[in-house]
Every structure is written in structure tokens, then in C-alpha cells.
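Visitor: Let me give you the structure first, and then I'll get to my questions.
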Amino acid sequence: MKRRWIKDFCPFAKDQGFLSVIGDVAPGEILFGFSIVSTGAGQVVVFSTATSGKVHQMKDNRYRVQISKCSAGSIVTTEAFHYNQTKIGFTMDAESGQEYDVVVIGKVAY
């Protein structure tokens, strides 16, 4: 078996320069990510739009979301957070006009 880095089969990891991911996800869960420019408080993030149709719906609403600000020269003045998780997305509050990397961990329906 040929050993491979996460960057070799995960486009998000390759784009972000991740060689590997430390830790495990639970059986049946996957990890995917995308970048998004915030429109401010109450922004609805829909998976099918944010992932360009690669993920449409989660199996349930018990997935985990991690949001990190990545704008050039960014200084975090307000912590970004999410709420109102549904199978098709969630609502995000973050600084308007700033770019964020979002990582989602959970079970994907399709």
C-alpha cells in the first residue's frame, strides 16, 4: 500500500497547505471545508452553494463546525460563530466583508 498525505486526496487540504490532519473523526463521519466571505450577522450558509454542489445535505444536525478568519492581515475583532444548524446548512455571524475558512465534521447524506 502506498502511503499518501491528506493533501493528495482532499482538495481543501491541498489548497490550505495541510499535509496531514491530526485526530480522528468518528466512523461514518467525514471532514470537508470551504472558504466564504461574510456578509455579516445572520448569514445563512447553505452546503450545496458553499461547496459548489459537492455536499447537499447532512444526515442530521449533529455535525460540528469550525470557523477561522483568514483575510490577509486579519485581526479578529469579533469572534465568528454559528447557530441554527439544519441538515442543509447553518447561520453564521462574522465580520462583514472578511474571508473565513469553514471546516465541517459529520455524516453526509448526499
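Visitor: For residue 101, what is the net charge nearby, where nearby means another residue's Cβ is under 11 Å from its Cβ and Lys, Arg count +1, Asp, Glu -1?
Guide: -1
Visitor: Please give me the summed charge of the neighbours of residue 90: other residues whose Cβ is under 14 Å from its Cβ, Lys and Arg +1, Asp and Glu -1.
Guide: Once positives and negatives cancel, what remains is +1.
Visitor: Separate question: Please label the shape of region 23-106 as rounded, prolate or oblate, based on the square roots a ≥ b ≥ c of the eigenvalues of the alpha-carbon gyration tensor (a/c under 1.5 means rounded; beyond that, a/b larger than b/c means prolate, else oblate).
Guide: Verdict is prolate for region 23-106.
Since every read-out is calculated from the coordinates, none of them should be taken as a lab result. As the structure is a prediction and not an experimental result, all values here were calculated from the model. Virtual Cβ from ideal backbone geometry, glycine too; neighbours counted across all protein chains shown.
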